[in-house]
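Notes for the one structure printed next.
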Amino acid sequence: MIAALVRFIQEWKRYNQSLSELSRLGDRELADIGISRSDIPRVAWNAAHKN
């Protein structure tokens with residue numbers, strides 16, 4: 001139970017960090033890496049759950 005809570009908190013931190021970093025990019029930079037601004041939450045969520 002505690003391990004699941006710790007894992008959730010770590011994933012949430014990674015999600016917020018990815019979300020913040022991607023949100024700072026301009027539309028042109030996002031297009032260069034193949035995502036649109038509306039894709040940011042999904043990409044951040046997937047990145048947070050890779051580990």
Normalised by the residues of the chain, what does the relative contact order come to in percent, with Cα pairs under 8 Å and at least six apart?
-> 47 percent
Compactness of the chain as Cα Rg over 2.2 N^0.38 Å, two decimals | 1.29
Distance between Cα centroids, the range 1-17 to the range 35-49: provide it in whole Å.
-> 17 Å
Starting with the highest mean, order 2-14, 18-30 by the number of other Cβ atoms within 10 Å, averaged over the residues of each peptide.
-> 18-30, 2-14
Potential lengthening between Asn46 and Ser20 on full extension [0.36 nm per residue; Cα-Cα distance subtracted] | 7.9 nm
Tilt, helix 2-24 to longest principal axis of the chain (alpha-carbon atoms), in degrees rounded to tens, equals 10 degrees
Apply the Karplus parameterisation 6.51 cos²θ - 1.76 cosθ + 1.60, with θ equal to phi minus 60°, to every residue of the range 40-47 and state each ³J(HN,Hα) to the nearest whole Hz, in sequence, with x for glycine and proline.
-> 4, x, 5, 5, 5, 5, 5, 5
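Any read-out appearing in this document is the output of simple, stated calculations on the displayed coordinates, not a laboratory observation. These numbers were taken from a predicted model, which means no experiment stands behind them. Cβ atoms come from the backbone with ideal geometry, glycine included; neighbour counts cover every protein chain shown.
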